[in-house]
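Step one of this worksheet: look at the structure below.
The values are calculated or read from the model by the stated rules, or taken from the named source; none is laboratory data. Please read all numbers here as calculations on a predicted model, not as lab measurements. Please note: Cβ atoms are built from the backbone with ideal geometry, for glycine as well, and neighbour counts cover all protein chains shown. These accessible areas exclude ligands, DNA and RNA; they are computed on the full protein's heavy atoms, side chains included. Shrake-Rupley method; radii C 1.70, N 1.55, O 1.52, S 1.80 Å.
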Amino acid sequence: MTFSELANSDWLMIWGAGVALLALVIMWRVARYDIAGAAFDSAWQVARGKRTAETPTALEEKYNEIAREASYTGKARRAAGTVIGHFAAKVANVIAMIMLLAGAVLIGLGYFWR
C-alpha cells in the first residue's frame, strides 16, 4: 500500500496522531519553565525523603539561579525572566492541550468516517 492508496479516514488518523504527538512534545518542553510544576515536584521530592544537600529541589534550583547573579539588577532580570517564562509556559500548555484535543477529534473522525 502506498501513500496515494490511503483513504481520507486514514489520513485524518495520521494527521490526528501527528498533531497529538506535537502537542505532547510541546507540553514536555515547556514543563521546565512552569513554577507550579516545580513546586509540585519539590513537594513530591521532599515527601519521598529524596531531598539532600546534593540534590536540591526544583524550586531551590530556580532560586539558586537567581541568587547566583552578582548584582541586584541581574537578580531582578533573572527573576523577571523566570516569571515571564512561567506565564509563557502556561500559554503554551493551553495551546498544546487544545492541539491534543484537536488531534483526538481528528483521530475520532478518521475512525468513524469509513
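According to the square roots a ≥ b ≥ c of the eigenvalues of the Cα gyration tensor, what is the shape class of the range 2-95, taking rounded for a/c under 1.5, prolate for a/b larger than b/c otherwise, and oblate for the remainder?
It is prolate, given that a/c is not under 1.5 and a/b is the larger ratio.
Taking 8 Å as the Cα distance limit and 6 or more residues as the minimum spacing, I'd like the relative contact order of the chain as a percentage.
55
Restricting attention to the range 52-93, which trypsin sites (Lys or Arg not before Pro) occupy a DSSP loop and are surrounded by at most 11 other Cβ atoms within 10 Å?
In loop regions of the range 52-93 (DSSP not H, G, I, E or B), the sparsely surrounded trypsin sites (Lys or Arg not before Pro) are ARG68.
Compute the acute angle (0 to 90°) between the alpha-carbon long axis of helix 8-30 and the principal axis of greatest extent of the alpha-carbon atoms of the chain; round to the nearest 10°.
Value to nearest ten degrees: 0.
Measuring from label point to label point, each 7 Å out along Cα→Cβ, what is the ALA104 to LYS90 span in nm?
Between ALA104 and LYS90, the label points sit 2.3 nm apart.
How big is the charge dipole of the chain about its Cα centre, in debye rounded to the nearest 20, if each Lys and Arg gets +1 on its Cβ and each Asp and Glu gets -1 on its Cβ?
Roughly 360 debye for the chain.
How much area per residue is accessible in the range 25-114 when the probe is 1.4 Å and only protein heavy atoms are counted (Å²)?
Here the residues of the range 25-114 average 73 Å² of exposed surface.
Percent of accessible area on the chain owned by carbon and sulfur, 1.4 Å probe?
So the carbon and sulfur contribution to the accessible surface is 69 percent.
So for the chain, taking the charge dipole from beta-carbon charges (+1 Lys/Arg, -1 Asp/Glu), which of ALA67, PRO56, ALA102 sits furthest toward the positive end?
Selected residue: ALA67.
Relative to the first principal axis of the alpha-carbon coordinates of the chain, what is the inclination of helix 72-112, with its axis defined by its Cα atoms, in degrees from 0 to 90 and to the nearest 10?
Between helix and principal axis, roughly 20 degrees.
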